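Can you keep this structure in mind? I'll have questions shortly.
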Amino acid sequence: MFTLTISDKPVAITNADEDEARELLMSEDFKDDLKVLESEGAALWDGFATLNVRPATEEEKTEFENADFDEDEDDDDDGEEGPYIMFLVDVTDPDEGDED
């Protein structure tokens with residue numbers, strides 16, 4: 001498992017292998033998402049802070065393994081599961097309305 005850090009702060013973890021983790025977490029699409037998604041009222045990434053992919057710590061792995069992924073969702077693929085990405089910080093999408 002590998003963790004994405006922003007300015008050395010762990011932000012997301014994936015169960016992908018190293019090459020795929022780097023491809024996913026450093027992709028332009030994911031970086032664009034990081035600029036939109038917010039944590040504590042601020043964008044996760046400002047577009048300038050240092051992004052790094054590193055091996056996940058045991059604590060991060062445990063948090064990932066204890067997560068409750070919704071595995072009952074219908075997949076459009078033929079049963080193959082791709083890697084999961086889980087945020088290690090509370091994340092909100094300002095584009096989605098408040099649905100409390």
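The values are calculated or read from the model by the stated rules, or taken from the named source; none is laboratory data. This structure is a prediction, so every number in the text was calculated from the model and none was measured. With ideal geometry, Cβ positions are generated from the backbone for all residues, glycine too; neighbour counts draw on all protein chains shown. Only protein heavy atoms, including side chains, enter the accessible area calculation; ligands, DNA and RNA are left aside. Shrake-Rupley method; radii C 1.70, N 1.55, O 1.52, S 1.80 Å.
Give the residues of the range 31-59 that are of a type in the set (Asp, Glu) and either open to solvent by less than 50 Å² (accessible area, probe 1.4 Å) or free of Cβ contacts under 8 Å to residues at least 24 places away in the same chain (or both), sorted by residue number.
Across the range 31-59, the qualifying residues are ASP32, ASP33, ASP46, GLU58, GLU59.
Let me ask you something else. Out of curiosity, is ASP100 part of a loop (DSSP other than H, G, I, E, B), of a type outside the set (Val, Ile, Thr), more than 21 Å from MET1 (Cα to Cα) and at pLDDT 90 or above?
Working: part of a loop (DSSP other than H, G, I, E, B): yes; of a type outside the set (Val, Ile, Thr): yes; more than 21 Å from MET1 (Cα to Cα): yes; at pLDDT 90 or above: no.
So ASP100 does not fit the description; no.
Filter the range 45-62 for residues that are within 26 Å of PRO94 (Cβ to Cβ) and touching a Phe, Trp or Tyr at 6+ places or on another chain (Cβ under 8 Å) and give the result.
Matches in the range 45-62: LEU51, VAL53.
Using beta carbons and a limit of 6 Å, which pairs, at least six apart or on different chains, have the first residue in the range 3-29 and under 14 Å from GLU59 (Cα atoms) and the second one in a strand (DSSP E or B) and hydroxyl-bearing (Ser, Thr, Tyr)?
PRO10/THR3; ILE13/THR3
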